[in-house]
């Protein structure tokens, strides 16, 4: 994983410097004598980065039916969108802000429009989305075996899906804790301008991938008689101020909480990178 992380950083650095590059140009910057497996690793990582919105791909005609793929660093545009909700910008302004030729701007705008970040309002003029949605899926596990020993604490106020309250897994929709006996929970949340691109099935796939890669066993042991589980999916429009400033649009944010008999909660914060999951662990009292 460390090798994949280093390679992804080199790809992003090459795009940051060049602003625009073909796959061949990126590979030439990174490898002196690339092997077939090196080229495949770069292709794989760039596909992942495109899916998460870090890079943008554009199909550029060469002649006749011949085309080539050109890649852009999309992170500066994503930061502009996240920090300027509702602002009207022109192609000239975007060119200046991003430091790339105006002739290249329509290609990035096409990428941003697909994600609902920008909408045209006049010729060469666009409005940054004002609408932000919080899309989240939570799964929680509760034990009936000495339930008074377990209290899952978030360490801060969180907005949880209403279904968790209806199922008596949470005392309220805005809460710092879950109900007695809830010994584990996982939450995947995405802040996005296009909630339709984040259906429950997509979040479920991400969740199961995390369980498999990190060896999380809460799901496996939910089959025992004294453990129940619930899950909920929710997408709702929110004020832009409700989006944590440290999260970018369409960035997957995952928290896992495990309540311990000793009275504290272990909290794991997972971040999905092109090279895999990284995490930090905290102890919540």
ask   = For Rg/Rh (Cα atoms, Kirkwood Rh), the listed values are [x] 0.93; [y] 1.04; [z] 0.98; which was obtained by calculation from the structure presented?
value = [y]
Label-reachable residues, the range 259-283, where backbone N falls under 11 Å from a point 7 Å from residue 221's Cα toward its Cβ = 259-261
Efficiency of FRET from Cβ geometry, residue 238 and residue 69, R₀ 41 Å, rounded to 0.05 = 0.70
Estimated FRET transfer efficiency when R0 is 22 angstrom, pair residue 285-residue 213 (beta carbons, to 0.05) = 0.15
ask   = Label residue 18 and residue 114 with points 7 Å out from Cα along Cα→Cβ: what is the distance between them in nm?
value = 2.0 nm
message = So, R0 is 45 Å and r is the distance between the beta-carbons of residue 28 and residue 157; what FRET efficiency does that work out to, to 0.05?
response = 0.35
inquiry  = Relative contact order for the chain: what percent, with Cα pairs under 8 Å and sequence separation of 6 or more?
reply    = 18 percent
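Readers should treat all values here as calculations from the given coordinates under stated rules, not as data from a laboratory. Given the structure is predicted, the values throughout are model-derived calculations rather than measurements. Reconstructed Cβ throughout: ideal geometry from the backbone, glycine too, with neighbour counts over all protein chains shown.
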